[in-house]
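The structure appears below as structure tokens.
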């Protein structure tokens, strides 16, 4: 979030999860699940879906988005809003 905290809807994985697997070439690997990357996903301004314009966004976007741009942009939260940031990292 804007205060540097993980959002309540953010995945934290299974603490301490580890496992072993073998690649098709026979190489053995062990993994440990740790959060490696985080991305903003709360109150993100992005383009508004034309087919779903009434169902997304909310009162919070008023004041955050210029009135003339509200038909085209919205402010929502969720993992889908963080996905483009993580894709950019990759």
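Hey, can you tell me all the residues within the stretch 35-44 that are surrounded by 10 or more Cβ atoms within 10 Å (Cβ to Cβ) and modelled with pLDDT under 75? Spell out the reasoning first.
As a first pass, look at the stretch 35-44 and keep what is surrounded by 10 or more Cβ atoms within 10 Å (Cβ to Cβ): 35, 38-44.
Within the stretch 35-44, just 35 meets the criteria.
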Among the residues of the stretch 5-31, how many are modelled with pLDDT of 80 or more and more than 17 Å from residue 80 (Cα to Cα)?
16
Being under 30 Å from residue 65 (Cα atoms), out of contact with any helix residue (DSSP H, G or I) (no Cβ under 9 Å at 6 or more places or on another chain) and loosely packed, with under 13 Cβ neighbours inside 10 Å is true for just one of 47, 22, 18, 30. Which residue is that?
47
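The values are calculated or read from the model by the stated rules, or taken from the named source; none is laboratory data. All values reported here derive from a predicted model rather than from experimental measurement. Don't worry about glycine lacking a Cβ; one is built from the backbone with ideal geometry, like all the others, and counts go over all protein chains shown.
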